[in-house]
Amino acid sequence: MVNKQKLADRIRDNAQHADNTDKKRKGSKTGLPKSSSSNSYVAPHRHCLVCQIPIALKRDPSICGEGSCIEEYENRQRQRKRWNILLYVAPAIMVGALVLQLMGSA
Ligand SMILES: [Zn+2]
């Protein structure tokens with residue numbers, strides 16, 4: 001398990017490096033350089049929820065401008081709403097059925 005050891009060492013190095021270079025920032029343990037002069041610098045960003053393309057941080061909802069992505073996003077939102085309703089309605093129906101049964105047998 002030489003590779004694992006090496007990887008652990010590298011992760012520790014990166015974490016230390018991040019600690020030394022940027023103490024004020026939170027979440028600086030990724031090991032990614034924070035200065036834009038570095039080759040592997042990655043600007044703060046988020047990803048489109050549908051196609052995972054990098055988009056601006058402030059984008060809300062978190063999707064790119066692509067028509068298919070907007071459609072897919074709205075689809076998911078609708079589905080989520082439906083699930084939320086079902087989450088409350090299903091137990092309500094069960095409780096209702098139970099109550100009806102108890103009333104019927106009494
Ligand atoms: Zn997209």
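Condition check for Met103 on (1) surrounded by 10 or more Cβ atoms within 10 Å (Cβ to Cβ); (2) aliphatic (A, V, I, L, M); (3) more than 30 Å from Asn14 (Cβ to Cβ): one failure, at (1). Mind checking which residues of the range 56-71 are near the ligand (Cβ under 8 Å from one of its atoms) and of a type in the set (D, E, K, R)? Residue satisfying the conditions is Glu66 alone. Taking first residues from the range 16-39 that are of a type in the set (Val, Ile, Thr) and partners that are surrounded by fewer than 10 Cβ atoms within 10 Å (Cβ to Cβ) and at pLDDT 60 or above, no Cβ contact under 7 Å between residues at least 6 apart in sequence or on separate chains turns up.
Taking the range 69-91 as the range and being loosely packed, with under 11 Cβ neighbours inside 10 Å and within 16 Å of His47 (Cα to Cα) as the test, no residue passes. Cβ-Cβ distances below 9 Å connect the following pairs, each with a first residue in the range 41-55 that is within 14 Å of Tyr73 (Cα to Cα) and near the ligand (Cβ under 10 Å from one of its atoms), a second residue that is basic (Lys, Arg) and part of a loop (DSSP other than H, G, I, E, B), and a separation of six or more residues or different chains: Cys48/Arg59.
The values are calculated or read from the model by the stated rules, or taken from the named source; none is laboratory data. Please read all numbers here as calculations on a predicted model, not as lab measurements. Ideal geometry is used to build each Cβ from the backbone, glycine not excepted, and the neighbour counts take in all protein chains shown.
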